[in-house]
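One structure is given below, encoded as structure tokens.
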Amino acid sequence: MTVNLQKGQRVDLTKGNAGLNKIRVGLGWDPVQQKSSGGLFGGLFGGGGSKAANVDCDASVILLKDDRLSGKQDVIYFGNLSGANGAVTHSGDNLTGAGEGDDEQVVIELKSIPAEYNRLIFVVNIYQAAERQQHFGMIHNAFIRVVDVSTNEQLLKYNLSDDYSGQTTLITGEIYRHENDWKFAAIGTGTKDNSLSEVIKKYQA
């Protein structure tokens, strides 16, 4: 049964589920329909009606050792699809967010993550947000979810329902070690960072 989380809630992943190892973290979003006011001539020449905003969101995972990023190899995104000795793998870039379901996915083998890593931060940012004058007010239905790969069972889902207008990056959630177990925290914090490189500066040693 899926656990639906609210902002700030935390849940155990492996405590009481010792067999859990390979999980799929899905991140999704939909572009808001933008109404265009082209008037009569706009309607005649294709300018009327509504269309989805062309917003390119990118999902990334920041792998931390003792709460700090030790190097760029520990930032997993469309330009670096695998890390932590292959224990974390990114599905690749989705340019539009069109369609239902996950837009980008990260597969994680929890038991294979080297012991020095204690936190995995999941981030979604808008590519070239400043240049394109785009923000998360142009996106809705954003979510992060965790699926047990062995059973294809959805373990948890967190819908990011806050108003993120003016924000260009979302810190969606994190998976972190707690003693010998892994937990998930629903974060849902928006920032005005205009690129992934700006985001990771917060975590660098």
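The values are calculated or read from the model by the stated rules, or taken from the named source; none is laboratory data. What you see is a predicted model; the values in this text were computed from it and never measured. Because the Cβ atoms are built from the backbone with ideal geometry, glycine has one as well, and the counts that use them run over all protein chains shown. Surface areas here come from the heavy atoms of the whole protein model, side chains and all, with no ligands, DNA or RNA. Shrake-Rupley method; radii C 1.70, N 1.55, O 1.52, S 1.80 Å.
Quickly run through the stretch 98-126 and pick out the residues that are more than 16 Å from residue 11 (Cα to Cα) and either of a type in the set (A, V, I, L, M) or touching a helix residue (DSSP H, G or I) at 6+ places or on another chain (Cβ under 9 Å) (or both).
98, 106, 107, 108, 113, 115, 117, 123, 124, 125, 126
Please go through the stretch 96-147 and pick out each residue that is within 13 Å of residue 172 (Cβ to Cβ) and aromatic (Phe, Trp, Tyr).
Passing the criteria: 122, 136, 143.
Residue under question is residue 141, and the condition is that it be surrounded by fewer than 17 Cβ atoms within 10 Å (Cβ to Cβ), touching a strand residue (DSSP E or B) at 6+ places or on another chain (Cβ under 7 Å), over 21 Å from residue 76 (Cα atoms) and not aliphatic (A, V, I, L, M); does it hold? Write out each step before concluding.
Numbers: surrounded by fewer than 17 Cβ atoms within 10 Å (Cβ to Cβ): yes; touching a strand residue (DSSP E or B) at 6+ places or on another chain (Cβ under 7 Å): yes; over 21 Å from residue 76 (Cα atoms): yes; not aliphatic (A, V, I, L, M): yes.
Spelling it out, residue 141 is indeed surrounded by fewer than 17 Cβ atoms within 10 Å (Cβ to Cβ), touching a strand residue (DSSP E or B) at 6+ places or on another chain (Cβ under 7 Å), over 21 Å from residue 76 (Cα atoms) and not aliphatic (A, V, I, L, M).
Restricting attention to the stretch 113-131, and to residues there that are in contact (Cβ under 8 Å) with a residue 60 or more places away in the chain and assigned to a loop (DSSP other than H, G, I, E, B), which single residue is most open to solvent (accessible area, probe 1.4 Å)?
127
I'd like the full set of residues that are more than 20 Å from residue 75 (Cβ to Cβ) and in contact with a strand residue (DSSP E or B) (Cβ under 9 Å, 6 or more places away or on another chain), limited to the stretch 171-181. Don't jump to the end; show me each part of the working.
Filtering the stretch 171-181 down to residues more than 20 Å from residue 75 (Cβ to Cβ) leaves 178-181.
Residues satisfying the conditions are 178, 181.
In the stretch 166-192, which residue that is at pLDDT 95 or above and in a loop (DSSP other than H, G, I, E, B) is farthest from the chain's Cα centre (by Cα)?
Step by step, filter the stretch 166-192, then rank; the result is 166.
Can residue 134 be described as modelled with pLDDT of 95 or more, closer than 17 Å to residue 31 by Cβ and not in a helix (DSSP H, G or I)? Quick ask: steps written out before the conclusion?
Numbers: modelled with pLDDT of 95 or more: no; closer than 17 Å to residue 31 by Cβ: yes; not in a helix (DSSP H, G or I): yes.
Taking the combined requirement at face value, the residue does not satisfy it.
Out of 99, 8, 16, 92, report the one residue that is exposed (fewer than 14 other Cβ atoms within 10 Å of the Cβ), at pLDDT 95 or above and assigned to a loop (DSSP other than H, G, I, E, B). Lay out the reasoning, then the answer.
Working: 99 fails: at pLDDT 95 or above; 16 fails: at pLDDT 95 or above; 92 fails: at pLDDT 95 or above.
Criteria check complete, one pass: 8.
Do the conditions hold for residue 171, that is, is it within 19 Å of residue 62 (Cα to Cα), in contact (Cβ under 8 Å) with a residue 12 or more places away in the chain and of a type outside the set (S, T, N, Q)?
yes
Could you list, in sequence order, all residues of the stretch 144-156 that are part of a strand (DSSP E or B) and surrounded by fewer than 17 Cβ atoms within 10 Å (Cβ to Cβ)?
First pass over the stretch 144-156, keeping only residues part of a strand (DSSP E or B): 144-148, 153-156.
Once the filter is applied, which keeps residues that are part of a strand (DSSP E or B) and surrounded by fewer than 17 Cβ atoms within 10 Å (Cβ to Cβ), the stretch 144-156 yields 153, 154.
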